[in-house]
Amino acid sequence: MTVERILVDEDATIALGRQLAAALPDGLVAFLHGDLGAGKTTFARAFLKALGVGERVKSPTYSLVEGYDLGDRQAFHLDLYRIADPGELEWLGLDSLAEPGAIVLVEWPERGAGALPPVDLELHFRHEGTGRVVRFEPRSDAGRRLADALGS
Ligand code: ADP
Ligand code: MG
């Protein structure tokens, strides 16, 4: 089942990020697809802030990965736009991404193919008029539960 949601403005994207944080299972790997400006970072920021990262959320545009210690668990935000070959990710030491309980959000995941842990939920963002639309594609049981919770 494919679920789409209209995000009329930036606030709607932020609300969705908060909603995902509230519905979060123990661990999660989410891939964020979409063109530049589609709302991926806006969504990731709102999600991480709602998890308690606060104002510390940085953009991983140049660092490729930002990690956050949430006390009992770890969150990671990746932006692989600048990656030309997944082999470039080796030196980043991404092993901790695959640990149980890790919370992982990846922008431009197709550029890290083979170097990323198995995905639970894929979100496809796209422009529509002045707003955005997001499509949920679950890839695991946890992802299906989230897509059901977020789609309505
Ligand atoms: P990406 O990370 O996909 O490149 P960003 O999250 O940086 O995109 O968003 C680019 C711009 O889109 C930001 O100025 C943001 O405020 C705006 N934006 C985010 N969501 C929406 C929305 N639903 N409708 C209109 N503008 C949005
Ligand atoms: Mg971005």
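The values are calculated or read from the model by the stated rules, or taken from the named source; none is laboratory data. This structure is a prediction, so every number in the text was calculated from the model and none was measured. As a convention, Cβ positions derive from the backbone with ideal geometry for all residues, glycine included, and neighbour counts pool all protein chains shown. Note: accessible area is taken over every heavy atom of the protein model, side chains too, but ligands, DNA and RNA are not part of it. Shrake-Rupley method; radii C 1.70, N 1.55, O 1.52, S 1.80 Å.
For the reader, a short list of remarks on this structure follows.
- Residue within the range 124-143 that is touching a Phe, Trp or Tyr at 6+ places or on another chain (Cβ under 7 Å), more than 16 Å from ligand 1 (Cβ to nearest atom) and modelled with pLDDT of 90 or more present: no
- Residue in the range 98-116 that is surrounded by fewer than 18 Cβ atoms within 10 Å (Cβ to Cβ), within 17 Å of residue 43 (Cα to Cα) and of a type outside the set (Asp, Glu) present: no
- Of residues in the range 52-78 being open to solvent by less than 30 Å² (accessible area, probe 1.4 Å), under 19 Å from residue 93 (Cβ atoms) and in a loop (DSSP other than H, G, I, E, B), the one modelled with the highest pLDDT: 64
- Residue match in the range 105-116 (condition: touching a helix residue (DSSP H, G or I) at 6+ places or on another chain (Cβ under 7 Å), at positive phi and away from ligand 1 (no atom under 16 Å from the Cβ)): yes
- So residue 49, is it within 15 Å of ligand 2 (Cβ to nearest atom) and either out of contact with any Pro (no Cβ under 8 Å at 6 or more places or on another chain) or open to solvent by less than 30 Å² (accessible area, probe 1.4 Å) (or both): no
- Being touching a Phe, Trp or Tyr at 6+ places or on another chain (Cβ under 7 Å), closer than 23 Å to residue 143 by Cβ, more than 16 Å from ligand 2 (Cβ to nearest atom) and aliphatic (A, V, I, L, M) is a condition met by no residue of the range 76-96.
- A single entry from 146, 97, 150 fulfils the requirement of being in contact with a Lys or Arg (Cβ under 8 Å, 6 or more places away or on another chain) and outside any loop (DSSP other than H, G, I, E, B): 150.
- Picking from residues in the range 1-17 that are open to solvent by 80 Å² or more (accessible area, probe 1.4 Å) and within 17 Å of residue 148 (Cα to Cα), the one that is nearest to ligand 1 (Cβ to nearest atom) is 6.
- Matching residues in the range 125-141 - criterion: being within 19 Å of residue 12 (Cβ to Cβ) and surrounded by 17 or more Cβ atoms within 10 Å (Cβ to Cβ): 125, 132, 133, 134, 135, 136
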